Amino acid sequence: MRNTRALAAAGAAVAVLGVAAPTAVADGGRVPNPSNIVALPSVIARGGQLTITVDGCPNGGHATSNAFPRTNLTPVHSGNDTARGTATIHHDAHPGPYDITVHCSGRSLTRPAAFTVIGGVRGGIGGSSTTGATPADMAIGGSLVAAAVVGSGVFWMRRRAEKRI
């Protein structure tokens, strides 16, 4: 009875090694395993481009997130097992942190809160006004400019009067 169990265990081990061996030999004797997901920049505006770099992904793969469409990762031929891809953030992505899941060689790895999407920035007049300057804003600005002109004139006239004495 004990010999039967030993033979069954040995047979199971040989079967597992027989299935795993072609994969290990195809990649130089080791099984690739994605690790170290880096997303740059770590804070990005909607519509921006995000560079994703993954170690342990020699044959490439793809990255997914709720903030961007599926993005292909291509191998970087620099002697290490790195893959890289560029993703474009959706224009309607909500501000906040997002995860990235990478799929390489049949394995996956998720990095939680890999990057943060910020809201868009409004440029131009003030940045916070959607209709431009109001009449009150124009009156305040005009009075400040007029006060500066009058103050400069008074200062110049006083200096000129001091030189005559």
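The values are calculated or read from the model by the stated rules, or taken from the named source; none is laboratory data. Since the structure is predicted, the reported quantities are computational estimates derived from the model, not experimental observations. Accessible surface areas use protein heavy atoms only, side chains included; no ligands, DNA or RNA. Shrake-Rupley method; radii C 1.70, N 1.55, O 1.52, S 1.80 Å.
Restricting the calculation to Cα atoms, every distinct pair contributes to the Kirkwood radius of the range 32-123, found to be 13.1 Å. Note on exposure: Asp92, Asp99, Asp81 ranked by accessible area (1.4 Å probe, complete protein assembly) read Asp92, Asp99, Asp81, with the most exposed listed first. Remark: the range 64-73, residue by residue, has Karplus-estimated 3J(HN,Hα) of 10, 6, 6, 8, 8, x, 3, 10, 6, 10 Hz, where x stands for each Gly or Pro and the curve is 6.51 cos²θ - 1.76 cosθ + 1.60 at θ = phi - 60°. Summarising the amide proton neighbourhood of Arg46: residues at separation of 5 or more, or on other chains, whose placed amide H is nearer than 5 Å comprise Ile118, Gly120.
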